[in-house]
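Student: First the structure, which I've put down as structure tokens, then a few questions once you've had a look.
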Amino acid sequence: AEKGFATGQPEGEAAPALGWQMGIDAAALAGVCDTVAATGYAVDPSRLDLDLDAYQALVPDTSQLGLVLRPMPPDCRSADNLAQKVALARDRGLGRLDFYHYGFCRLQALDWIQQALAPT
């Protein structure tokens, strides 16, 4: 998988830097779509923060920027790790937060989602 998403350890430039290779222009999409979803497939919240900085530079209106997280390995191994990533989305005021893919998740991941989304 691209950039190390398969392992939860992406490397190199921020995630949207590869978009052009796949025909994705996040800034152009923001002009014609309600939401541009950032792929947040990373174990390390600081890496996710780097990627979100790059997405936000392309889609400055945070109401149009969403985030997709995998609440399970390889990206998350604890409720706290997931909560840190959800906090990044909340702090930025992102318009949407999604979790991929319930059908593949361990039941424990659903508990982690509930904990991460609980009011702070």
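Each value in this text was obtained by applying a stated rule to the coordinates, not by laboratory testing. From a predicted model like this one, the values you see are computed outputs, not experimental measurements. Positions of Cβ are backbone-derived with ideal geometry, glycine not excepted, and every protein chain shown enters the neighbour counts.
Student: Note down the magnitude of the dipole of the chain about its Cα centre, charges +1 on Lys and Arg C-beta and -1 on Asp and Glu C-beta and zero elsewhere, to the nearest 20 debye. Write out the running numbers ahead of the final one.
Tutor: Details: 9 positive and 15 negative charges, 67 e Å.
Using only the charged Cβ atoms, the result is roughly 320 debye.
Student: Kindly work out what percent of the DSSP beta bridges joining two residues of the chain are antiparallel, to the nearest 5. The partial results should precede the final answer.
Tutor: Working: 0 of 8 bridges.
Expressed as a percentage, antiparallel bridges in the chain total about 0.
Student: Starting from 0.36 nm per residue, how many nanometres of slack lie between L18 and T120 once their C-alpha separation is accounted for?
Tutor: Details: separation 102, 0.36 × 102 = 36.72 nm, distance 3.46 nm.
Full extension of this stretch gives 33.3 nm more.
Student: Also, I was wondering about something else. Would you calculate, for the chain, the mean residue ellipticity at 222 nm contributed by helices, counting each DSSP H stretch of 4 or more residues as -39,500 (n - 2.57) and dividing by all residues, to the nearest 500?
Tutor: -12000 deg cm²/dmol
Student: Hey, another quick one. Quick one: check the C-alpha center-to-center distance for the stretch 45-120 versus the stretch 6-38, whole angstrom.
Tutor: So the separation of the two Cα centres works out to 16 Å.
Student: Now, a different point. Let me have the relative contact order for the chain, percent, based on Cα pairs under 8 Å that are six or more residues apart.
Tutor: Dividing the mean separation by the residue count of the chain yields 25 percent.
Student: Please list, by residue number, every one of the trypsin sites (Lys or Arg not before Pro) in the stretch 28-120 that is coil in DSSP and has at most 13 other beta-carbon atoms within 10 Å. Before the final figure, lay out the partial values.
Tutor: Details: sites: R47, R77, K85, R90, R92, R96, R106; in loops: R77, R106.
In loop regions of the stretch 28-120 (DSSP not H, G, I, E or B), the sparsely surrounded trypsin sites (Lys or Arg not before Pro) are R77, R106.
Student: Right, something else. What distance in nm separates the two pseudo spin-label positions at L29 and D44, each 7 Å out from Cα along the beta-carbon direction?
Tutor: Inter-label distance under the simple model: 2.4 nm.
Student: Roughly how large, in nm² to one decimal, is the mean projection of the convex hull of the alpha-carbon atoms in the stretch 53-120? Mind showing how you got there, number by number?
Tutor: On the way: hull surface 18.6 nm².
Its average projected convex-hull area is 4.6 nm².
Student: Would you mind counting up the charge near L88? Only other residues with Cβ under 12 Å from its Cβ, with Lys and Arg at +1 and Asp and Glu at -1.
Tutor: Numbers: positive: R47, K85, R90, R92; negative: D44, D49, D51, D53, D91.
Neighbour charge sum, excluding L88 itself: -1.
Student: Give me the Debye-computed log₁₀ of I(q)/I(0) at q = 0.19, 0.20 Å⁻¹ for the chain, equal point scatterers on Cα only, no solvent, two decimals.
Tutor: -1.01, -1.11
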